[in-house]
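The values are calculated or read from the model by the stated rules, or taken from the named source; none is laboratory data. None of these values were measured; they are calculated from a predicted model. We place every Cβ from the backbone using ideal geometry, glycine too, and count neighbours over all the protein chains shown.
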Amino acid sequence: MGYRPRVMRRSLGVLTLLSALVLAGCGDDRSAGEADTEPRGPIDHELVEMVTETAVGGMVSPGAVPLADANAVHNFSAQFEDDRMETRLLQLVDDLDVPDDKATYAAVVALGCDLPSDVAVTSTDTGIVIQAKKSITKPVECLAPMTSVAVVLVDESVVG
């Protein structure tokens, strides 16, 4: 049997319709007169702790997640291969005395042999971003990758 080109008009029509629907849903939720008052760019923060565990997996993702309670820690920790990171984060959040005008956020900022000592925190249109600052120290030699989670406090006014 020889090669026979396929007509893809039906598939192309469905894809076009789906694309139009997705793009139509990508609007701004603010009403016409509502202004965006949240600051954008680098924001003041306090690095509470850099929690590091060996061979727990996870993915580096600068998008920060609010850690307001044990349920939030549990959801954030679902990415790790065992419960060591969750146990440490739960203990940290439980012991943390968060002032009324602050919010706790976390992000996986490193995975490998580099141990970051500080982070930069930025407010963007999509939320809070936490990124490890480049270390000027010589990298540590390790036998298994280390996962580092930065836990920070930011002003509640920044996150809305």
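Scan region 61-71 and give yes if some residue there is out of contact with any strand residue (DSSP E or B) (no Cβ under 7 Å at 6 or more places or on another chain) and of a type in the set (A, V, I, L, M, F, W, C), otherwise no. Yes, region 61-71 has at least one match.
The C-beta contact set for region 77-102 (first residue under 22 Å from P145 (Cα atoms), second residue of a type in the set (D, E) and in a helix (DSSP H, G or I), distance under 6 angstrom, 6+ apart or interchain) comprises S77/E86. Which one of the conditions (1) in contact with a strand residue (DSSP E or B) (Cβ under 9 Å, 6 or more places away or on another chain); (2) closer than 18 Å to T52 by Cα does D94 fail to meet, given that it meets all the rest? Of (1) in contact with a strand residue (DSSP E or B) (Cβ under 9 Å, 6 or more places away or on another chain); (2) closer than 18 Å to T52 by Cα, only one is false for D94: (1). Taken over region 103-113, the residue count meeting the criterion of being of a type outside the set (G, A, S) and at pLDDT below 95 is 2. When E38, E34 are screened for being under 21 Å from T124 (Cα atoms) and at pLDDT below 50, only E34 passes. Considering region 44-78, and only residues there that are hydrophobic (A, V, I, L, M, F, W, C) and either more than 16 Å from the chain's Cα centre (by Cα) or part of a strand (DSSP E or B) (or both), the residue that is surrounded by the most Cβ atoms within 10 Å (Cβ to Cβ) turns out to be V56.
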